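The values are calculated or read from the model by the stated rules, or taken from the named source; none is laboratory data. The structure presented is a predicted model; accordingly, all values stated were derived computationally and were not measured. Don't worry about glycine lacking a Cβ; one is built from the backbone with ideal geometry, like all the others, and counts go over all protein chains shown. The area values use the complete protein model at the heavy-atom level, side chains included, leaving out ligands, DNA and RNA. Shrake-Rupley method; radii C 1.70, N 1.55, O 1.52, S 1.80 Å.
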Amino acid sequence: EHRRGRLLYVEDNEVNVLLVQELLALRPGLALHVAGDGETGVAMARELMPDLVLVDMHLPDFDGVEVLQRLRRDPRTAGLACIALSA
């Protein structure tokens, strides 16, 4: 059985998104979803319940720390696996 996974990347820099897309092309079982700002990222995390959330620390609306705090405060998303990234 081929397991599929969902990865949410909260990132506003297109070059960084392209880099992660290229890396994930080597893992065809992963579906990448991208949010361009923190507010959208939190909303998408609640909707998708991804297996992993990658969070850029520098976003246009608020920083990655705020994204992580909002996810942790919400009982639905408090247990999501998150990795903070910074270029």
For the range 57-72, which residues satisfy the criterion of being closer than 13 Å to CYS82 by Cβ, open to solvent by 70 Å² or more (accessible area, probe 1.4 Å) and either charged (D, E, K, R) or part of a loop (DSSP other than H, G, I, E, B) (or both)?
ARG72
Which one of the conditions (1) part of a loop (DSSP other than H, G, I, E, B); (2) touching a residue at least 24 places away in the same chain (Cβ under 8 Å) does PRO75 fail to meet, given that it meets all the rest?
(2)
Of (1) under 11 Å from LEU8 (Cα atoms); (2) open to solvent by less than 40 Å² (accessible area, probe 1.4 Å); (3) out of contact with any Lys or Arg (no Cβ under 9 Å at 6 or more places or on another chain), PRO50 satisfies every one except (3)
Looking only at the range 23-56, which residues are in a loop (DSSP other than H, G, I, E, B) and either at pLDDT 95 or above or under 10 Å from the mean Cα position of the chain (by Cα) (or both)?
GLY36, ASP37, MET49, PRO50, ASP51
Checked the range 37-47 for anything crowded, with 18+ Cβ neighbours inside 10 Å, in contact with a helix residue (DSSP H, G or I) (Cβ under 9 Å, 6 or more places away or on another chain) and over 14 Å from ILE83 (Cβ atoms); matches are GLY38, VAL42
Candidate set: the range 1-22, residues that are in a helix (DSSP H, G or I) and not hydrophobic (A, V, I, L, M, F, W, C); chosen: the one surrounded by the most Cβ atoms within 10 Å (Cβ to Cβ)
ASN16
